[in-house]
1. I'd like to check something: does segment 394-415 contain any residue that is assigned to a loop (DSSP other than H, G, I, E, B), open to solvent by 10 Å² or more (accessible area, probe 1.4 Å), hydroxyl-bearing (Ser, Thr, Tyr) and farther than 27 Å from Leu72 by Cβ?
2. What do you reckon, is Ala143 open to solvent by less than 80 Å² (accessible area, probe 1.4 Å) and over 19 Å from Asp80 (Cα atoms)?
3. Tell me which residues, restricted to segment 163-193, are open to solvent by less than 30 Å² (accessible area, probe 1.4 Å), more than 16 Å from Pro207 (Cβ to Cβ) and assigned to a helix (DSSP H, G or I).
4. His269: of a type outside the set (Asp, Glu), within 30 Å of Tyr377 (Cβ to Cβ), open to solvent by 10 Å² or more (accessible area, probe 1.4 Å) and under 18 Å from the mean Cα position of the chain (by Cα), yes or no?
5. For segment 456-504, how many residues meet the condition of being at pLDDT below 85, open to solvent by 80 Å² or more (accessible area, probe 1.4 Å) and farther than 18 Å from Glu443 by Cβ?
6. Condition first: open to solvent by 10 Å² or more (accessible area, probe 1.4 Å), assigned to a loop (DSSP other than H, G, I, E, B) and modelled with pLDDT of 95 or more. Can you find one or more residues in segment 231-241 that meet it?
7. Looking only at residues that are modelled with pLDDT under 95, more than 19 Å from the chain's Cα centre (by Cα) and aliphatic (A, V, I, L, M) in segment 195-230, which one is least open to solvent (accessible area, probe 1.4 Å)?
8. Any idea which of (1) under 29 Å from Glu464 (Cβ atoms); (2) modelled with pLDDT under 85; (3) crowded, with 24+ Cβ neighbours inside 10 Å is the one Leu263 doesn't satisfy?
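The values are calculated or read from the model by the stated rules, or taken from the named source; none is laboratory data. All values derive from a computational prediction rather than experimental measurement. Cβ placement follows ideal geometry from the backbone for every residue including glycine, while neighbour counts extend to all protein chains displayed. The area values use the complete protein model at the heavy-atom level, side chains included, leaving out ligands, DNA and RNA. Shrake-Rupley method; radii C 1.70, N 1.55, O 1.52, S 1.80 Å.
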Amino acid sequence: MNMSYKKCGLNGRTSLMHTPHTAVRFRPAVYRLNLAAIAAFIGLMFAGASIVTGQESAGAPAAEEVPGCKLLTPSSYGFDLEVARPEASPWEAVATRDESGEETVARVHVKVGDDYIVMLPNGQLVARRAADVAPTDQKFSPASAEEIAAEIIRGPWANFKYRKSKHYVFIYNTTEAFADVTRTILESMFNGVEGHVKNMGIDVESPSVPLVVLMFNREAQFQAFRTMPPGVVAYYNMVSNHVVLHEESRLAGARPDLARGQLLSTIAHEGAHQILHNIGVQQRLSLWPMWLSEGIAEYFAPTSFGKRFRWKGAGVINDLRMFELETYLQSKVIEGFNGDTISKVVAARQLNSTGYATAWAITHFLAKKRKRDFADYVRLVSRLGPLQGMASHGDSIPENLEHFASFFTDDVVELEREMVDYLTRQKYTSPVIDYIHYVGMVEFPVDGKPKRHACFFHTREKVEQWREVVLSHLDRGQRDQAVWDIKQFPNRADASQFIRRFIN
């Protein structure tokens, strides 16, 4: 039989998904695992958690530094201060008291009306009324790693250990092996992210204080420290300036390699947020457009899978995100392009799991193919100061799309086409390459001749979704005559080989 055949694949490779950045007053970045997805696929699918951002100050005039930005309420970050326009302080440092009541010198982070948000020597941001601060000739002196560790490791934390590195202090009761790999990933990331940002022509500064990472062995200990939604394994708290995480994984028994890889990728994502908030790229308490905030963290956070977990480097293809986008990319070839993929994510106030992956895709594409424009855009949003940012009471923020169009293009249909074409040509490694894959096949007539589409996926559910996309783009006669089949293979290589044989 003379048949034409179209293969929809991603260069024979494969996305796995992290999850979100959720705000619990202090707006941490978090990842959430959808454990129910394991029943359909042992290789992990990640649910999209909502993002709750700072609230817009009612009636406050827009900040002039960045067109379209709003002022955020101090209460949205947990500060009991009146709503007022943030402004520069006449003092760089003030005398006040720390959380234990001891006299200290704090650095002014932002002045809010007559009151202040200041940074204590340990890096924590706290609110202080005007009566509780006084000008001082003393200079702000950050706490050392040893001082921070001594402040934390006491009472119920007395059995914790600490390590320090060039930029970090790690407080942990995890295994030594886990502490080792976390330290290696984050420290190598710091230099890589800093260097990459400098190469973009963006000014950076050294962190004011050591970067703290709190590491719990058990999820129960992590939850006791601060209650988080089930499945959260890590977050960055921009008020305390801590990354908080736990080593334990609910998925370790089913897929220890993927569970550990996902966890370390999550740590890298949260580490990227912490680095960017401490080298002057993103100001603490500022609110970037969601697509950029999460997309750039993923851009800086790709980690490898397999026997040797490591940070792959800033701007390298993110295997997890490519895996997550697999169905989308294969479907787009059939569906065509309407620009919604970019416009909806760019304007979104919140992102679901696919939105996070798409935010990475947009960021990666622009950073690689529109380098100058992307660097200019990051420089613009980096001017957002504390309590300034992109906020909305609805689901969409039109200003984000307007800014995007002014820097890149308002032809999002063509940009979407270019992005998909670019991504489908990238090679990457599937985290589930050695596990069961399914080949879906649909045959239908075109001008009296049979035509076939086929793709491989990691779950039957994904095959069914792809099949529905194909059928939805056929006319009624083609759908009535369409023949559908599915085959299972023990790994991705066998599935790909079957497709090649079928083509020949």
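1. yes
2. The answer is yes for Ala143.
3. Once the filter is applied, which keeps residues that are open to solvent by less than 30 Å² (accessible area, probe 1.4 Å), more than 16 Å from Pro207 (Cβ to Cβ) and assigned to a helix (DSSP H, G or I), segment 163-193 yields Phe178, Ala179, Val181, Thr182, Ile185.
4. Criteria not met by His269.
5. 1
6. The answer is yes; a qualifying residue exists.
7. The qualifying residue least open to solvent (accessible area, probe 1.4 Å) is Ile202.
8. Going through the list (1) under 29 Å from Glu464 (Cβ atoms); (2) modelled with pLDDT under 85; (3) crowded, with 24+ Cβ neighbours inside 10 Å, Leu263 breaks only (1).
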